[in-house]
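The numbers here are math on the coordinates, done by the rules we state, and not lab data. Treat the numbers as computed from the prediction; the structure is a model and nothing was measured. Cβ: placed from backbone, ideal geometry, glycine included. Neighbour counts: every protein chain shown.
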């Protein structure tokens, strides 16, 4: 399955969420990752995500498509790259 | 067509981009909007977006699917709502 995950997470937890998501998916943009996951990879990611998130304060959206073939993607402009705060996790 | 648009835009231009995107699409999360657009609506949006963006500094990702039926969506947690800086545009 192809996933697009976007997140808006409190700064107390955001670096842990970023780090986790980047283990499984490709960084696209600040707060956006995407890529293919098997069902077991998704379950593992989901389990770890649920441990980190405070569901009363954080928000994650998971879009799932059977394949990236069902989605066209267009990028406008220039990705800003990983921020300095992310260097810790590369 | 169903669109998911995410953006990472310099603060000099971000409020204009937010305001424009919200005319056409539903606010989902900070820097994420989605919804259905006809081809002519998309062209109109795209034209206006191209006027605002500095493509050497800003980055917008447009995911397009024939229908939202081809995408499953799951939300975890609580949307934080429009930030205070957005109140100007409601």
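Brief remarks on what is shown
- Cα-derived Rg over Rh, computed across region A:19-74 with Rh taken as Kirkwood radius: 0.96
- Averaged over A:57-66, number of beta-carbon atoms from partner chains that fall within 10 Å: 6
- With only Cα atoms counted, the protein assembly as shown has Rg and Dmax values of 15.9, 44 Å.
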